[in-house]
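Structure, as structure tokens:
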Amino acid sequence: MKNIPEFFTSPLFRHSGYTAHIRTKDFAVLFTSLSNTTKSDQLFLEQDNIIQKQQAYNLNNKDKKTFTMYLVLCDQCNLQCSYCDVLGKKDHLKNQAYMTWDTAKIAINELVKRIKLDPELNAQIVFFGGEPLLNWSLLTRICEELEKTGFNNQIEKMLVTNGILLNPEKAVFLKKHNVYVVVSVDGQEEINDKVRCYHDGTGSFSDVSKGLKYLKDIMPNQYGISCTLGSHNALSLSEEIVYLHEEFKPCCIGINVFHFQQDGTCPIEIDDKTLCKSLLSSFETARKKGIAIYQFANILKSFTTQQRNKDYCPACVNKLLFSPNGRVGRCETLMTDERFSVSLQDFLTKPLPPKLDWSKYTPEHEPTCFNCIAQWICPGSCAYDQFISTGSLNGVEPRRCNFHIQFFIELLTLVLDAMLKTNYRKKVYVPLKKHFASVAGNIPTSFPEHTIFVTGMGSMSD
Ligand code: SF4
Ligand code: SF4
């Protein structure tokens, strides 16, 4: 049986003398200024009217049941970013597999089958690579085929690209077919080009920036940016996100923490302390400047509505991935590993085997999480990173835990900040809706209709 404490307490270092109390069963929060003389559980009993369900914090269809299908259109790439983990291999030139129409058709049939079984399903297709635009003819054929299914309007589509091959014609097509585009770029030119380069070592920024400008002109409000955090941009992350926000005007920026490669190393690795500092300082900047950062918005939704964050690793929720060489698995990082994938033939003829059941690797099943103060807002770990560091998909990952715990304490501190500003002096501080809402600062609480949050970016991963 789970041994779950009734409440957590945490001192707030920026307000010495104040302690936060969080009740485990319902995420009710109280602060005390004399915590050592009062029992928190008694306080909660006296204050039982404090639980206020907050107004919806709009992150589109996240409350519906979601099925995400990744189509890796090819495993070749026109860039050779130093930290690429998709295949666990650095030389994409050796990998020439392109997804065929036959494989794509099987995937489309699977998606349609699932929608028919659950008409409310939030169905998503993600075009992924390598660089998916290298297989443009298949991408266009899939979009056209989806229109014939009769379910096209309920299928969200997303393209994750390095942006190099974008041009006005492609942008017009993507806009017409409602494909939300996410372009990977890690900051200003000198930062991005330290790690995101062509095979000959030339930086990619100037070409990526052209692609982003086509999107800005042709499909405003229909694209986002994915920025990978690592040693190349950790010290200047706040500046990088301000630059990307102002220069390219994306709907949203995702800050993704580097994955380890299959040998457990990463060329842009940073220590946990630097990582946490960099993210917290970016949060402060985003709050001031009104920049939509996916990971922060997602956690803010959970915090301000006082509801559990279930934006877990999508592979552990409901994601299937089709690889270009005809394998079906859960995650792009392990798509070539036969321990974590099946052949198309097996997929079509047999039930999914236990090795593809990742549903138990979320915080709801993880004993370490039951006793963690951040469990309400935390989207958990990346199963792949966990596997690389421990050899098991189970468990938690210290660098993500460290950030989520620090971040939760920061959010509690901001709530108390807001209360203390009102000269509300008591021994027991009961936050109201407005105090919770204040932690978002200027970060948008809703997003344009086309914005799609597909991945477990809440896990700071994809
Ligand atoms: S969070 Fe990790 S394991 Fe989950 S889908 Fe993303 S990369 Fe894969
Ligand atoms: S911070 Fe770590 S231990 Fe806490 S809920 Fe998240 S994954 Fe679990």
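Results for (1) farther than 28 Å from VAL126 by Cα; (2) at pLDDT below 95, shown as yes or no for each residue.
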position	(1), (2)
ASN221	no, yes
ASN233	no, no
ILE241	no, no
HIS259	no, yes
LEU280	yes, no
GLU284	yes, no
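As an exercise: evaluate ILE443 against (1) outside any loop (DSSP other than H, G, I, E, B); (2) more than 9 Å from ligand 2 (Cβ to nearest atom) and give the number of the one condition it does not meet.
Unmet condition: (1).
Inside the range 206-228, can you point out the residues that are in a helix (DSSP H, G or I), of a type outside the set (Val, Ile, Thr) and farther than 11 Å from LEU79 by Cβ?
The initial filter retains those residues of the range 206-228 that are in a helix (DSSP H, G or I), namely 206-218.
Within this subset, residues satisfying the condition of being of a type outside the set (Val, Ile, Thr) are 206-207, 209-217.
Once the filter is applied, which keeps residues that are in a helix (DSSP H, G or I), of a type outside the set (Val, Ile, Thr) and farther than 11 Å from LEU79 by Cβ, the range 206-228 yields SER206, SER209, LYS210, GLY211, LEU212, LYS213, TYR214, LEU215, LYS216, ASP217.
Taking strands (runs of 3 or more DSSP E) that do not extend beyond the range 250-353, which have at least 3 residues that are buried (at least 17 other Cβ atoms within 10 Å of the Cβ) and within 16 Å of ligand 1 (Cβ to nearest atom)? Don't jump to the end; show me each part of the working.
Working: elements: 253-257, 319-322, 327-329, 341-343.
The qualifying strands (runs of 3 or more DSSP E) are 253-257, 319-322, 327-329.
Here's the yes/no breakdown for (1) within 20 Å of the chain's Cα centre (by Cα); (2) of a type outside the set (Lys, Arg); (3) away from ligand 1 (no atom under 16 Å from the Cβ); (4) under 23 Å from ASN3 (Cα atoms):
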residue	(1), (2), (3), (4)
TYR361	yes, yes, no, yes
GLN386	yes, yes, no, no
THR422	no, yes, yes, no
PRO431	no, yes, yes, no
PRO444	yes, yes, yes, no
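Are there any pairs, at least 6 apart or on different chains, whose C-beta atoms fall under 7 Å, with the first in the range 362-389 and under 21 Å from PHE303 (Cα atoms) and the second more than 8 Å from ligand 2 (Cβ to nearest atom) and of a type in the set (Asp, Glu), and if so, which?
Within 7 Å, the pairs are PRO379/ASP311.
Check LEU412, LEU348 and return the single one that is among the hydrophobic types (A, V, I, L, M, F, W, C), more than 20 Å from ALA20 (Cβ to Cβ) and at pLDDT 95 or above. Walk me through how you get there before you give the answer.
Working: LEU412 fails: more than 20 Å from ALA20 (Cβ to Cβ).
Testing whether each residue is among the hydrophobic types (A, V, I, L, M, F, W, C), more than 20 Å from ALA20 (Cβ to Cβ) and at pLDDT 95 or above leaves just LEU348.
Any residue that is more than 16 Å from ligand 2 (Cβ to nearest atom) and in contact with a Leu (Cβ under 7 Å, 6 or more places away or on another chain) - is there at least one of those in the range 394-404? Show your work before the answer.
We begin by selecting, within the range 394-404, every residue more than 16 Å from ligand 2 (Cβ to nearest atom); these are none.
Checked against the condition, which is being more than 16 Å from ligand 2 (Cβ to nearest atom) and in contact with a Leu (Cβ under 7 Å, 6 or more places away or on another chain), the range 394-404 yields no hits at all.
So which of VAL415, VAL396 ends up being of a type in the set (Val, Ile, Thr), within 16 Å of ligand 1 (Cβ to nearest atom) and surrounded by 15 or more Cβ atoms within 10 Å (Cβ to Cβ)? Spell out the reasoning first.
Values: VAL415 fails: within 16 Å of ligand 1 (Cβ to nearest atom).
After ruling out the rest, the residue left standing is VAL396.
Between GLU246, GLU239, which is surrounded by fewer than 22 Cβ atoms within 10 Å (Cβ to Cβ), free of Cβ contacts under 8 Å to residues at least 12 places away in the same chain and in a helix (DSSP H, G or I)?
The match here is GLU246.
What are the pairs, 6+ residues apart or on separate chains, where a residue within the range 312-340 that is within 14 Å of GLY129 (Cα to Cα) has its Cβ under 7 Å from a residue that is aromatic (Phe, Trp, Tyr) and within 8 Å of ligand 1 (Cβ to nearest atom)?
Cβ pairs passing all conditions: CYS331/TYR384; THR333/TYR384; LEU334/TYR384.
The values are calculated or read from the model by the stated rules, or taken from the named source; none is laboratory data. Treat the numbers as computed from the prediction; the structure is a model and nothing was measured. Heads up, the Cβs are rebuilt from the backbone with ideal geometry, glycines too, and the neighbour counts pull from every protein chain shown.
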